[in-house]
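Values in this text are rule-based calculations from the coordinates and carry no lab data. Predicted, not measured: the structure shown is a model, and the values here were computed from it. For neighbour counting, all protein chains shown are included, and Cβ atoms are generated from backbone atoms with ideal geometry for every residue, glycine included.
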Amino acid sequence: MNEQAKQDYKSTLNLPQTEFPMKANLPQREPEMLKFWADIDLYKAIRSVSKGKPKFILHDGPPYANGDIHAGTAMNKILKDIIVKYKTMAGFDSPYVPGWDCHGQPIEHNVEKQLGEKAKTISQVDFRKLCQDYAMRYVDIQREQFMRLGVSGDWFDPYLTLKHEYEATNVKTFGELYKRGLVYKRRKPIHWCVKDQTALAEAEIEYRDEVSPSIYVKFPLKSEFEPVKTFDEPKFIVIWTTTPWTLPANVAVAVHPEADYVAIRTAGEILIFAEARLEVVATETGIADYEVVAKFKGADMEFLKCEHPLFSEKESVVVLADYVGLDTGTGAVHTAPGHGQEDYLTGLKYDLPAPMPVDAAGHFTKEAGQFAGMYIIKANKAIIEYLKEKNLLPYDTEIAHSYPCCWRCKNPVVFRATEQWFISMDIDDLRKEALKSIADVRWIPDWSIRRINSMVEGRPDWCISRQRSWGVPIPVFYCGDCQEDVVTEETIKSVFELFVKDGADAWFDKSAEEILPQGYTCPKCSGKKFVKETDILDVWFESGVSHEGVLKTREELKWPADIYVEGSDQHRGWFQSSLMTSVGVYHRAPYDAVLTHGFVVDKDGRKMSKSLGNVVNPLDVIEKSGADILRLWVASSDYTVDVAISPDILKHVGDAYRRIRNTFRFMIGNLFDYDPETDAVAYDELLELDKWALHQMTQLLKTVTASYESYRFHGMYHAVYNFFTNELSSLYLDILKDRLYASAAGSRERRAAQTVLFEMLQVYTGMLAPVLAFTCEEAWSYLPEAVRKTRSVHLSEWPVLNEGYLDAELAARWDKILKIRGEASKALEEARNAKLIGNSLEARVELYVDGATKELLERYESQLAQMFIVSSVEVDRFEAAPAEVFKSDVIEALAIKVLPARGSKCERCWRYEDTVGESSQHKGLCARCAGVLTGA
RNA sequence: GGGCCUAUAGCUCAGUUGGUUAGAGCGCACCCCUGAUAAGGGUGAGGUGGCUGGUUCGACUCCAGCUAGGCCCA
C-alpha cells in the first residue's frame, strides 16, 4: 500500500471540523464580543426575558471615582458579576445597577492641586463644578474598564452620589435621623492648620521633622492618697509633654491601670510616676538623692484630684487609659480632650469637659487666662517660664521628632476641638437595634458576623460632619436671633425639594431665606433671619444611604437587597454606614445577606505596592491574556481569605483555560455533521458508556449548582476542571475517538456519541457562562442555530438537571471497569518502557481475575478493547495467570498481561485485527472499516 | 498595642465527629502518539502539614505561646 492510499483512508474518517479556534486570542476577540452584546443590547434583553421572575438584588457598593481600577476592584466586580449572571440563568430577575462614590476629599484635593494658586480665589460653586467634572471623567474611565471585564449591568444609567435625586436622599435620611433624636452636636478634635485656618483630612498631612520642647510638669496632688498619706511633704504627679501650649486645655492626667507607680521622697517633696521610668526620670531631673516610699498600681490613683499647674482654681483628675506607654515620659500623660484623639476618647469615657482656648488662627482665647492673645507656638516659652517660676518644671529640654504638618503650607498641624455633628449610637438604642438587626442577616463567611458585631459594639458615635466643599451640605439652619439650630419637617422638605431640582450646588448658591419657605420663622423665637450650616456630610453617610437612594427609588430594584458583596474592610465602612442609616430609619438592615471577600495580595501574601514591585495591573492582564483569564482566576481562588495574584499564578490559570477551551473545541469539532433534530439518539438507545457519561455529567451539574448556590466558586472550578481532565479528556473523549472517527457517519453508535457531546456542550457552556463570560458565548455561537433558542448564552437558562440520566447501578459497574482500565494502563506503561509496544493499540491485554469482577468483565468483554484503547482484551481465571505478569496493588486478585496485538494493523482505524485482509475490496482494512466503506 | 482572619506538595485547592502509608488537578520529569496537533494519552517523582510546647493510647485536626502575612482600629 502506498502513501496515496493511506491518505485516502484518512479522508474516509469523520475527523473533527470546526472554525472554533484553538488559540483564544482573547485580547482581540473579547472586544468583538462586547460589541455584539452592545449591538443586541444584552442587558436590556436580559431584563425583558427576566420580566416577572422573582427578584434577586445584588446592590453594588460604589467605588470611588478616582484612578484606574486595580486588581481588588476587578475581583470585586467579577465576583458580583458571577453571582448576577448565575442568578439570572437560575431563574431570577437580577438587575445590576452599578454605582460610584463621587464626592469627597481625595477628589477635592486633586482638583485643588491642579488649580494651584487659583484655588484660593475660585468660588465655591465653580470649585464644585471642577470637582464634578473630575468625578465624571473617572466614572467614564472606570465604566469602560468594568465593562471590559465582561461585567454586565445598567452601565449607562448607574447611580452616582452626585446626582440631584441622590443628593436629596441624604437630606431625607438626615431629617429622619434628626427627627428620631439621634443627631447631636459636640466638640471633637480635628486636624487643623492654623496658618490656612482650615480643617485637614488624614491624607492631607505630611510628617516632617520638627523640634519641640520636651518638659516634665509637676501636678500638685490635692486628694488624700492612702499610700503616701503619712508624709507631710507636698505631693506631685509628674507628667511629660512636648506641647506645653496644650496645657491650658488640660483636664486630666492619664495613667496605665496595670502599671506599677512609685512615690519617691526627695528634697522636701513627694513625686509620683511610673516605676519603669524611675532611673530615667531621676537622671534627667538630676535627683541624686531619693527614697522610694510607696509603690502602687495606676488603677489605685483613679479619680485623684490635682491642681491645674497653670490655673490654681482649676482641677485635673487622674484617669486610667490602656494606651499610656512606659517607653518614654513618666507613665503619666497630660490629657486635653480638645487637643488629641486619645485624650478625646478618654474624655468621653470619663465625661470630662473639652475646653478649647485656641481660636482658628492659633491664638489663645480669654479662656487661657494670662496667656490670652498669644500665638500658641510662641506661648510655649511663656508657659515654660511660668511653670519654672512656680517650681513645677523639674525638666526642660528639646526634642527632634516627626510631627504632622500641612501638605499645603508645611506648617505644623494642631489638634483643635471644634463643633461637629454626630449620630448617637446610644441615645435611642441605635447600637442595640443595629446589633439585633445584624443577627437577622446572613453573613458569609460566618466569622464575618463576629467582626461586624465587635465593631458595632465598640464604635464611638458617628461623626458625620466635614469642613469641606465637595459634598452634600448638612441641611441645618441656625436662627440668626436665638442661634438655635433649626431642623423641622418643613425645612427638610424645602431643602429636599431644592436638591431634587437643582442639586446640592443650590445650597452654596442661595441664601437661607431663599431656600426656606417664604416667611419661615424660628420655631423657638420666631426670628426671621437664618444662617446656613457650612459643614458637609461624611462621604460614608452618602454611600450609606444608597439603599434609600437606589434600592427604594429605582423601580427595577427592591429593598432590602438580597446581598451586598464587598471587601472585608467594609465592615467598618459601607456595611456599617448602610446598616446605621437603615436601622436608624427603618429599624432593620438594608440587606438580607452580606458576602465578604479578602484582599488581593502577591504570591507571598503581601499587599501589592510599587515599592515591592509586585503590583499586578488588571488592565495589563486584559491586554495580554484577556478578561476571561482574570475571571477564571477569580473563580479559581478562595476569596473568603486574601487572594494571591502573580504572573506565575496567571500562567497556571491560562493553562487551565486552554484545557477548557480545547475540550469545547473537540466537542464542537465532532458535531460538524450532527443535526439534533434528525440525528439525536434516544437515551435507551445509547451505549452504556454514554449513559455513564451522562450520569457523571449530571452529578457534576449537581455539584456545580450547589457550589454556585453557596457562592463557593472555587469549589465549582476544581470540580469542573478535574472533570474535564479525568472524566472527559483522558477517558470518555479519548475512548470516543474511534467511534466518532471510524464508524460510519450516520451509524447509531456515532450518533449516540454525538448526542451526548451535544448535550454536554450545552450543559458545560451553560454552567461556565457566569465565569467564562466571553468564551462560553463564543462556544455557544457554534451551536447549530436551530437549537440555540437564545442569541446569547447569557440569555439562556441554567442547564436542566435531568434525573433520568442518573443511574447509580450502571455508574458503579462502569466505575469498576474503568478502575481496571486504570490498572491496565499501568501494565501498558511497563510494556511501553520495555519497548514491547508504543501506541496502546499495538497491545493485546489479558486480564486474570476471579469472582464478581470476572463476571462483570466477561459480560462486557467485547467492549473492553475499545474502552482500554487497545486491540483486544481477553478475560481468564486468576490462577491461569502466567508467572511474569503485572499484579495490581489496588485491586485484589487482578493480574494483567500485555502482549503484542494479534493480526495486522488496519490502515484506516489503526487497530490490530485478525480480520484485516478479509475484505477483497479493501485488503488493508479490518472488517469494521471495510464494512463502513462498502456500506455493508 | 487591640479586634477579626490566614498559614497543608512549585501553584490552586480537598481533607468528614482527632484514628491505618495526608488527597486532587495543574506544573515538573520520563515515555507514547502525531487523525483534538502551538493539541491528545500514559507513568512517576514531589509534603519534618509555619514554628514551639501541651492535652491524648493517638493531632494536620483540640489548647497555649511564638513567627510571618492581611484587614480594621489605636
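Taking other residues whose beta carbon is less than 12 angstrom from the beta carbon of A:T534, and scoring Lys, Arg as +1 and Asp, Glu as -1, yields 0.
A cut-off of 5 Å between modelled amide H atoms, ignoring neighbours fewer than 5 places along the same chain, links A:A644 with A:V601.
Please compute the length gained on full extension between A:R813 and A:C463, using 0.36 nm multiplied by the number of residues separating them and subtracting their Cα-Cα distance. Going from the current span to full extension adds 119.2 nm. The calculated 222 nm mean residue ellipticity attributable to helices in chain A amounts to -12000 deg cm²/dmol, summing -39500 (n - 2.57) over DSSP H runs of n ≥ 4 and dividing by all residues.
Stretching A:A361 away from A:M22 to a fully extended chain increases their span by 115.0 nm, per 0.36 nm per residue minus the current alpha-carbon distance. Would you kindly state the longest site-free stretch of chain A, with sites defined as chymotrypsin sites (Phe, Trp or Tyr not before Pro) in a DSSP loop (not H, G, I, E, B) surrounded by at most 13 other Cβ atoms within 10 Å? Excluding the exposed sites themselves, the longest stretch runs over A:324-936. Between A:L348 and A:L619, the simple spin-label model (points 7 angstrom out along Cα→Cβ) gives 4.0 nm.
For A:D481, project a label point 7 Å along Cα to C-beta. Then give me every residue of segment A:513-530 with its amide nitrogen under 14 Å of that point. Correct set: A:519-530. Scaled to the globular estimate 2.2 N^0.38 Å, the Cα spread of chain A, given as radius of gyration, is 1.31.
Secondary structure note: in segment A:785-923, about 70% of the DSSP beta bridges are antiparallel. Across the alpha-carbon set of segment A:396-476, the Rg to Rh ratio works out to 1.15, Rh being the Kirkwood radius.
Taking amide H as placed 1.01 Å from N in the peptide plane, A:S214 has its amide H under 5 Å from the amide H of A:T397, A:E398, A:I399, each at least 5 places away in sequence or on another chain. Rounded to the nearest 20 debye, the dipole size of chain A about its Cα centre is 1380 debye, using +1 on the Cβ of Lys and Arg and -1 on the Cβ of Asp and Glu. In plain terms, if you count all Cα to Cα distances in segment A:552-668 and split them into 10 Å steps from zero, the share in each step is 12, 30, 25, 23, 10, 1 percent. Between A:T121 and A:E224, the simple spin-label model (points 7 angstrom out along Cα→Cβ) gives 7.1 nm. Quick one: which of A:K129/A:K185; A:K185/A:K510; A:K188/A:K528; A:K436/A:K524; A:K314/A:K388; A:K314/A:K410 span more than 26 angstrom between C-alpha atoms? Flagged as over cut-off: A:K129/A:K185; A:K188/A:K528; A:K436/A:K524; A:K314/A:K410. For segment A:316-388, the set of trypsin sites (Lys or Arg not before Pro) satisfying both a DSSP loop assignment and a count of at most 15 other C-beta atoms within 10 Å is empty. Computing FRET efficiency as 1/(1 + (r/R0)^6) for A:V641 and A:N662, where r is the C-beta to C-beta distance and R0 is 35 Å, gives about 0.65. Can you figure out the FRET efficiency of A:K195 with A:K44, using R₀ = 60 Å and their beta-carbon distance, to the nearest 0.05? About 0.60, to the nearest 0.05. If you take every DSSP beta bridge fully contained in chain A, what fraction is antiparallel? Give it as a percent rounded to 5. So the antiparallel bridges in chain A amount to around 70 percent.
Extending 7 Å from the Cα toward the beta-carbon at both A:R748 and A:D655 defines two label points whose distance is 4.4 nm.
In sequence order, segment A:54-60 has phi-based couplings of x, 7, 10, 10, 9, 8, 6 Hz under the Karplus curve 6.51 cos²θ - 1.76 cosθ + 1.60, θ = phi - 60°, and Gly or Pro positions carry x.
Could you please report the charge total around A:V486, scoring K, R as +1 and D, E as -1 over all other residues with beta-carbon less than 12 angstrom from its beta-carbon?
-2
Extension gain for A:D429 to A:Q114 (0.36 nm times residue separation, less C-alpha to C-alpha distance): 108.9 nm. In straight Cα distance, which lysines are under 26 Å from A:K854, not counting same-chain residues fewer than 8 positions off? Of all the lysines, those that pass the test against A:K854 - Cα under 26 Å, at least 8 places apart if same chain - are A:K691, A:K816, A:K819, A:K826, A:K887, A:K897.
For segment A:456-464, backbone phi angles converted through the Karplus equation (6.51, -1.76, 1.60; θ = phi - 60°) give residue-by-residue couplings of 5, 4, x, 6, x, 4, 8, 7, 9 Hz, Gly and Pro being listed as x.
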